[in-house]
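Every number in this text was worked out from the coordinates using simple rules, so none of it is lab data. No experiment lies behind these values; they were computed from the predicted model shown. Cβ placement follows ideal geometry from the backbone for every residue including glycine, while neighbour counts extend to all protein chains displayed.
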């Protein structure tokens, strides 16, 4: 009998991580590698999830970040 492999969706994982401020370093590390620049999360501005069905992927998180030049950015996903 073949064992079914469980997959974790990226949006679910990020939402789970962002619920605890102690995990910001994980997202900071991911963003820093992605952008090739050190990123520091200053604040979570807003978080929203409107899941109406099992496969619904509507989640939104607004974050406020600072780069190594001291520039501040607001991002939404």
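Once you put a point 7 Å from the Cα of residue 64 and another 7 Å from the Cα of residue 17, both along the Cβ direction, what distance in nm separates them? Result for the modelled spin labels: 2.2 nm.
Report the gain in length on full extension from residue 5 to residue 72: 0.36 nm times residue separation, minus Cα-Cα distance, nm rounded to one decimal.
Between residue 5 and residue 72, full extension yields an extra 20.1 nm.
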